[in-house]
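Report on the structure given below.
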Amino acid sequence: QTKTLTVYSGRAKTFVDPVVQQFERQTGIKVNVRYGTDAQLVAALREEGSKSPADVYWGNSVGALGELAEEGKFTKLGTALTRNVSSDYLPDDRTWLPTTVRFRTLAYNTGKIKPEQLPDSILDLPKMTSLKGRIGWTVSYPSFQDFLAAMISKYGEATTRQWIEGMKALQPKDYKTSNVGMLEAMRAGEIDVALTNHYYIQRVNRLSYPIDTYFFKNGDIGNLGNATGAAILKTSKNTASAARFLSALVAKDAQTFFLSVNFEYPVIGNILQPTTMLPYSDVSKRSPRIDPTVLPKNIDKAQKLLRDAGLL
Amino acid sequence: MTRTPDPHTLELLGLGKRYAPGLPPVVDDLNLGVNRGELLTLLGPSGCGKTTTLRLIAGLERPDSGDIRIEGRSVTAPFTPPERRGVGLVFQDYALFPHLNVLGNVLFGLRHLPRHERLPRARETLSLVGLTVFETRRPDQLSGGQQQRVALARALAPRPSLLLLDEPFSNLDAQLRHSTRQEVRAILRRAGTTAILVTHDQEEALAFSDRVVVMRGGRVEQSGPPHEVYARPRTAFVANFLGRSNLLGGTADRFMARTALGVVPLMESASGPVLVSVRPEHLTFTDDPQGAPVTIVAREFKGHDVTYTVRLAAGQELLVHTPSDTVRPEGSAARVSVTHPARAVQSSG
Amino acid sequence: MTRTPDPHTLELLGLGKRYAPGLPPVVDDLNLGVNRGELLTLLGPSGCGKTTTLRLIAGLERPDSGDIRIEGRSVTAPFTPPERRGVGLVFQDYALFPHLNVLGNVLFGLRHLPRHERLPRARETLSLVGLTVFETRRPDQLSGGQQQRVALARALAPRPSLLLLDEPFSNLDAQLRHSTRQEVRAILRRAGTTAILVTHDQEEALAFSDRVVVMRGGRVEQSGPPHEVYARPRTAFVANFLGRSNLLGGTADRFMARTALGVVPLMESASGPVLVSVRPEHLTFTDDPQGAPVTIVAREFKGHDVTYTVRLAAGQELLVHTPSDTVRPEGSAARVSVTHPARAVQSSG
Amino acid sequence: MNARRPHPLLLLPAILAVLGVLLPLVYLALRALGAESSELREIVFRTRNLELLANTLLLTLGVLGGTTLIALPLAYLAARTTLRPRRLLTLLGVLPLAIPGYVGAYALIAASGAGGTIDALTGIRWPGPGGYWGALGVLTLFTFPYLFLNLHAALRTQDPALEDAARLLGRTPWQTFREVTLPYLRPAWLSGALLIALHVLGDFSVVSLMRYPTFSAAIYQQYTAAYDRVYSAWLALALLLVTGAALLLEARLMRGVRLSRVSPGGTRPPRTVPLGRAAPLAWVFLAVLAGAALVVPLGTIVYWLRLETNPFAWSALLEAFQGALGAAAVAAVTTTALAFPLAYIGSRHSGPLARLTERAAYLGYATPPLAFALALVFFTLRVAPPLYQTFTLLIAAYTLHFLAEAVGPVRTSLLTATPRLEEAGRLLGLSAPQTLRRVTLPLVRPGLLVSAAFVFLSVLKELPLTLLLSPIGFETLSRNVWSYTEEAQYASAAPYALALAVSGALLTLLILRREDRRVPRPPPSSPPAASQPAASPPATPSTPKDDPA
Ligand SMILES: Nc1ncnc2c1ncn2[C@@H]1O[C@H](COP(=O)(O)OP(=O)(O)OP(=O)(O)O)[C@@H](O)[C@H]1O
Ligand SMILES: Nc1ncnc2c1ncn2[C@@H]1O[C@H](COP(=O)(O)OP(=O)(O)OP(=O)(O)O)[C@@H](O)[C@H]1O
Ligand SMILES: [Mg+2]
Ligand SMILES: [Mg+2]
């Protein structure tokens, strides 16, 4: 029985390290973490194949988790682990465990835009010709593509294509993968609204940028909720420790921590929230229900649409 | 052969230069005037400051003190940059452009010519130094002597009004050296170019120039027409440097001096202790028992004559220059006598 | 002065080398044997392949054909790298290490000596070339002649058994050149070193060596003891190259030849059309109306003698070498006569 | 001496390096051949890629122009003028390389516009950089040191006699510069320019932040989004093709370059010229450059520190600092050591094989680092699993990947050092390896220093290789900088970014100290015996030999 655990983390060190340290203190199990982006780690896991030293994969996006799950790299999780976790984002096959939830949203410059001026649905965003040239988005960012994939599964490819074309006519500025860069641009006055994840706005608010969050109407695809998650790899020789680690991630301490440093919503109940954020119960209603397992399949289609539109 | 003393084309006035504050001066209160069209040779031992002097004239170094005048105008204050002094220089180390071929090197200095004259001029100069066929070679594909000739051609081609030549023939064989020297001399004469030649070859110095200047330790030791400096060296240094004189200490009494060689006739009257300079060619082997007894130490065959090194009984070694007719083996005894009156010289400058 | 023919220390057998496939060969079927302790001089016009030959011997170039044997063993097949040939070389362009000072350069080759012998040896060699005070200077802080002396000292210090000297004195003044040459020669003799000297100075060649080899176009033209090659050149090329001979076409009849200069006595009997080589020092000005009438074209003062260029009525120019007693102005008329029997030579090799 | 075959001492490492560099190509080919879908054709062979390529080329040319305009005057000022203090100039010429491009881009973005640092501090709203000019500007500012160091080293070793000769043949200083100095700088420029070109060709972070679409950014985004190794393998191969073209072009331009001195005697150190009336102009240039490349980004980073008052984890910083410095230092040494044989073979031996050997290094550099890392993962786990995720593997990866950065400067110094000197070494009884050590290496030392500096700074900034191949728990500065800035945690990123800059500064000072040793020493006022020559280490036993211990 080895006393060390190897975690591949697509999540940044700030969110991971304190949790890991506490886990080590509590259990005496040494945790080695390899940091990277989801894409890098997915590629590495594929190249490593059966020789991978990794026990746990902790991903930053449903897309990455879905890819790996589909390849059968994860073990099925026991109910002891999944019991307390909100079922909204738990995949049916229970191959991975959601750890936090974030929502798509619209950021706007409070100095330039009143929330009343903004549309109820993201589907109506293309109609806002007054925003021409003032919209920012991140076409290459995984969460954005997850959102398009969700739109495809809910409204079909034609509607999605139409939406993309409509948006394109408004000449949005593409910040590629950098949400931070996009919000900086909003601060500098380059753009006035931006499609982003909710926590980025919370973060730059700490720098007192004049930026606020706008949620579309309840159930709108523009408010899509999206999980991060962790899984135990089949190559793991230490599944017991891995399971302990996963359960620590959804324990109250860790969940509170995620919320406080990253403004991400917890996947378990009874966690206090900062006043700047809507309560989870509230936001979770805003997001439509989409089965996380269908997303990965639609991502390819989303990318094809983007390519067809000349955006990728 | 010196020109009438019209205003000097080039004047060096009290020139001084040291390479670094701690070091002794390399050029030290140097005074020199050069006339228009004059061919002047700078002679002096290795390291005496010849190259430095040329570099000062060319504007590649700035003097620490003194002034340089070209055509009567000072070029040191305000400092005239090299390209506006109208001076050409054959570098002692060639300084060929490695990125240009032979023709390119020679053409480099011809931009002031109308375009259609450049190539003919470059070719003509190259043929003068016998390098026409190497036109397209790069400098690193040439032999040492060929490189030196390119350097010469490059400096010659623009026909500067003042040409400085720093040992420009040192890597040429005797024949080529002779013919090139004569051709260069003819060109310079024809164009009325003023030139300063640095050479270590005293024959060359004497044959090339209107005037020789002997330098020593950064100063002018003696200057004058070749035959005069040769025949009447002012100091022992000059006597010895130019044509390797035999210097003997002695006591003079009017036209005679008593030396280790016996009594030597003098060219000019002197008295008291003197240093007597006897040219090797003014000594000869003799059968006369009056001759000073010597031992043959070494024999250097030089083609049309032989230089013997002989040792006097007193230990001093002398050079004797004779036609190469008889062979005297090393170690044998002989007698030598003086054939020409000798000169009494200053012991040092 | 040649040694007894013991096995050659160095042998070049049918050596051939070209720098690039398209170019003509630079060394072409060169054959040469050098005896142990022999001092040999390589003479030849600029670009004839002297440097290349030395580089082949040193192992810096590989021959295209032929063989090189050192102490009887081939060093070309298998190729012996330079450092294992026991050969020293004074580069024509010095190749001093810029990152080392003067002492460091000389010490560089002394690693085979016990540590405590190195510094004394380096200092001793430096003092031989008169550079002791410059020990700590870097090469770029020296004059041209000083750099050359460092190069010489560096090659000399390790006492290689075969020393190649590529124009090692070309930038030294006459005096220093003479003394350095003699000291180097003495050292080589004392150590029994075999040496090959390349020089453009024929006086030096004749004075330094046991044997001279005249090269032309990558081949040996003539080889032999200095006085013999000088006195009995086999070809017009050698006659002319060594001591600038006057070559006159003529018709021989036993010991006489009829030439533009009149009837010239010959050293050896010949008949029919010949090329006659008359040394400049074997011509003299004469008042004898039998002398050939000439016009003085140019006068080169050389210290102890003068070389006149004179033109015969037929147009041919001749050199006349006389003591510098009388001055004949350029343009004046005179008569010359032959004082020594001349040699009939092959018109070309 | 044109020995036909390189010495085994050089040949073996060279072959090793070439093989190592070719591994990723094999890997990419393996992956690319694993493709089957028609979608692939759609991605790889679409017209948009041509547009992207055109964009990339346009940007590359622009950056080459921009960096030249900055680096050449700066190198000239530092190497050839009396402008002082010279250390400051060199610092300005090297330090920007210590700032990762994306950090520089972030900092410039954060500094400009309403509410930016400049606005907050001075009330001036400087327009934010973006698009072609933004990408060009940022890439120029943070890559020009590649040219600067190359040119600087070359300018300091040029034989002043050549410029003297040109002046005497009637050229003004400016004409002399154009006709003699510039041709001399060609190999130095080419080696710097090639690095910059490859850098721009492969950059995705700066262009993404500047929202300028380029080919490599597209590859990267494709990858990030699709998790598909096959697409990216194809696209990486396409990128390599472009790089190959750049390499061919450079090889053509290098052909027939002759720099080494053909004259007898030693080269003097180049002369320095007084600036005179141009001095104020030079100072303005320096001030603007320093402002854009150092003051604004570093100032912004310092300003970030202010944002949060969290007690900072100094121990973590120290650990990262040590990890980064250690790896960078080791990699700098190994890479330079391996680059030397390649450069030596490339410049001293003729023939296509020699040239290919040297060029191969650039392929390693041109391979996208992620692909490079994955290739090593792939091969190590198959061939030598125990090596996986060890320090050794990491250093090997750095070495192979950054080989190209080290080859150029060494090659340039080799071109300027005449082979005659090596021949002299051999004739003085040194074997080929000894000659290398005692003659060639000292001669090319300026080039070696520059090479080591490049690799050192690049390793400090490197991400993908470090992330995938480092031993677990290995901390570096760059990873922290990157992950914190990505998450907009500027205050946490700032100390790490500053630590990068400090490392750069330390390194620069180190280079300067070494370089200053080349400056002519004052004349020997001390007795000769006091200053021992380098060649004879004085036999001064520090401890008695008969020590009974
Ligand atoms: N690298 C090279 N490439 C092509 N030709 C060369 C090269 N080096 C020398 N040569 C040619 O080879 C010939 C012989 O050169 P070498 O240097 O041996 O002459 P040398 O007899 O030493 O002449 P010098 O007295 O001028 O030094 C010359 O014509 C020269 O141009
Ligand atoms: N850069 C330098 N730094 C210090 N000293 C130097 C420098 N250059 C030359 N010297 C010294 O200055 C003196 C004169 O040098 P210069 O080159 O003028 O001599 P030269 O008369 O041309 O000698 P040569 O006949 O050997 O070429 C020499 O003693 C030399 O060592
Ligand atoms: Mg000189
Ligand atoms: Mg030669």
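Listing for the model above:
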| quantity | calculated |
| --- | --- |
| Contact order relative to length of region D:239-384, as percent, for alpha carbon pairs under 8 angstrom and 6 or more apart | 37 |
| Rounded, prolate or oblate (a/c below 1.5 giving rounded, otherwise prolate when a/b exceeds b/c) for region B:93-136 by Cα gyration tensor | oblate |
| Largest-first principal axis extents of the Cα set of the protein assembly as shown (Å) | 137, 72, 68 |
| Exposure proxy order (Cβ contacts within 10 Å, fewest to most) of A:MET182, B:MET215, C:MET267 | C:MET267, B:MET215, A:MET182 |
| Across A:LYS301/D:LYS461; A:LYS176/A:LYS301; A:LYS13/A:LYS217; A:LYS154/A:LYS252; A:LYS73/A:LYS176, pairs whose alpha-carbon gap is larger than 26 Å | A:LYS301/D:LYS461; A:LYS13/A:LYS217; A:LYS154/A:LYS252; A:LYS73/A:LYS176 |
| Cross-link partners of C:LYS302 among lysines (Cα-Cα below 27 Å; sequence separation of 8 or more within a chain) | B:LYS50, B:LYS302 |
| Global form of region C:221-349, assessed from the alpha-carbon gyration tensor, a/c cut-off 1.5 | oblate |
| Quotient of C-alpha Rg and 2.2 N^0.38 Å, computed over region D:342-475 | 1.24 |
| Computed over region D:1-126, Cα set: Rg, Dmax in Å | 23.8, 67 |
| Partner aspartates and glutamates for C:LYS17 [C-alpha distance under 15 Å; skip if fewer than 8 residues away on the same chain] | C:ASP28, C:ASP29, C:GLU61, C:ASP64, C:ASP67 |
| Loop-located GluC sites (Glu not before Pro) in region B:1-72 whose Cβ has at most 16 other Cβ within 10 Å (DSSP) | B:GLU71 |
| Surface/4 estimate of mean projected area, convex hull on alpha-carbon atoms of region B:42-174, nm² | 9.4 |
| Peptide ranges D:71-79, D:228-236 listed from the most packed, as the mean C-beta count within 10 angstrom indicates | D:228-236, D:71-79 |
| Contact order relative to length of region C:66-197, as percent, for alpha carbon pairs under 8 angstrom and 6 or more apart | 30 |
| Residue-wise HN-Hα coupling along region C:33-41, computed from phi with Karplus coefficients 6.51, -1.76, 1.60 (Hz; x: Gly, Pro) | x, 10, 7, 4, x, 6, 9, 10, 10 |
| Per-residue average of Cβ from other chains inside 10 Å of D:465-471 | 3 |
| Volume per residue that the Cα convex hull of region C:129-199 spans, once the total is divided by residue count, Å³ | 86 |
| Contact order normalised by residue count of chain A, Cα under 8 Å, 6+ apart, percent | 28 |
| Isotropic mean projected area of the C-alpha convex hull, region D:86-215 (nm²) | 10.1 |
| Cα-based convex hull, chain A, per residue volume (Å³, whole number) | 120 |
| Local electrostatic count at D:ALA327 - Lys and Arg +1, Asp and Glu -1, tallied over other residues with Cβ under 15 Å | -1 |
| Label-point gap, in nm, between A:LYS51 and D:PHE285 - each point 7 angstrom along Cα→Cβ | 5.4 |
| Gaussian network model of chain B, Cα within-10 Å springs - most flexible of B:ALA252, B:ALA191, B:ALA77 | B:ALA77 |
| Candidate lysines for bridging to A:LYS76, where Cα separation is under 19 Å - those fewer than 8 sequence places away on the same chain excluded | A:LYS234, A:LYS237 |
| Cα gyration tensor shape for chain D, rounded if a/c is under 1.5, else prolate or oblate | rounded |
| Inter-chain shielding of C:328-340 (mean C-beta neighbours from other protein chains, 10 Å cut-off) | 0 |
| Computed helical MRE - 222 nm, chain C, DSSP H runs ≥ 4 contributing -39500 (n - 2.57), nearest 500 | -6500 deg cm²/dmol |
| Surrounding net charge for B:ALA252, when Lys and Arg each add one and Asp and Glu each subtract one, Cβ distance under 13 Å | +1 |
| Listed residues C:VAL106, C:PHE169, C:VAL129: farthest to the positive end of the dipole of region C:106-197 (Cβ charges) | C:VAL106 |
| Peptide C:187-200 - average C-beta neighbours from other chains (10 Å radius) | 1 |
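Coordinate-derived values only; no laboratory data. Keep in mind that what you see is a predicted model, and the values were worked out from it rather than measured. Please note: Cβ atoms are built from the backbone with ideal geometry, for glycine as well, and neighbour counts cover all protein chains shown.
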